[in-house]
Amino acid sequence: MHETKEEVFRDAEDKMSKAVSVNKEELASIRSGRATPALLNKITVDYYGSQVPLNQIANMSVPEARLLVISPYDKSSIGAIEKALQASDLGITPNNDGNVIRLAFPQLTEDRRKEMIKLAHIRAEEGRVAIRAVRRHAKQELEKMKKDGTLSEDEERAAEGQLQKLTDKYVHEVDENLQRKEAELSEV
């Protein structure tokens, strides 16, 4: 239970900020035509019997716009890394030369581009919904405080206006991230 409306706002702002960060990561993991290590953030590798995030057992670099090179720290894990990449939803066949794995990203087809933009819109809406859920929870806290008599009706109304401004600010950030992703996906 929060004691002051400032604590309610701090908590709400913190959670909204985290929702935007998570949403930004979700959008980064959507494949555009260019190579980026963020695409591999969710890939885990069966490394000596346990699932380990790929970025913990290999270095990733982007020598050219459409090429991602994965250099395992332990050369014996190259087969497991290759298997994890093939099992992932990347849709790219890894090229293994025994030392490094290369992922060559093809140009996106128009249909694939449209699918990716649709997916980006879905992810952005999930981010907006998460932010609105934080607002709803904070609003309930403010209503409880009014009921308890720690906030007057005017203070509660002003606080709700402030909460709406905060919500709008973070929803706007999600929208900006979506616009950037759409621009990236639309590049040919």
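The values are calculated or read from the model by the stated rules, or taken from the named source; none is laboratory data. As the structure is a computational prediction, the values presented were derived from the model and not from experiment. Note: ideal-geometry Cβ built from the backbone for every residue, glycine included; neighbour counts use all protein chains shown.
Of all residues being over 30 Å from Gln162 (Cβ atoms), part of a helix (DSSP H, G or I) and charged (D, E, K, R) in the range 99-138, which is nearest to the chain's Cα centre (by Cα)? Just the residue, please. Checking each candidate, the answer is Lys118. On inspection, Asp168 fails the criterion of being modelled with pLDDT under 90 and either under 21 Å from the mean Cα position of the chain (by Cα) or assigned to a helix (DSSP H, G or I) (or both).
Please verify whether Glu143 is modelled with pLDDT under 90, part of a helix (DSSP H, G or I) and assigned by TED's automatic domain parsing to the domain that holds Asp11, treating the condition exactly as stated. No: the conditions fail for Glu143.
Let's see how each residue does on (1) of a type in the set (Gly, Ala, Ser); (2) in contact with a strand residue (DSSP E or B) (Cβ under 7 Å, 6 or more places away or on another chain):
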position: Asp46; (1), (2): no, no
position: Met60; (1), (2): no, yes
position: Ser77; (1), (2): yes, yes
position: Gln86; (1), (2): no, no
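Inspect the range 143-153 for any residue being surrounded by fewer than 19 Cβ atoms within 10 Å (Cβ to Cβ) and at positive phi and give the result as yes or no. Within the range 143-153, one or more residues are surrounded by fewer than 19 Cβ atoms within 10 Å (Cβ to Cβ) and at positive phi. Picking from residues in the range 22-71 that are of a type in the set (Asp, Glu) and outside any strand (DSSP E or B), the one that is surrounded by the fewest Cβ atoms within 10 Å (Cβ to Cβ) is Glu25.
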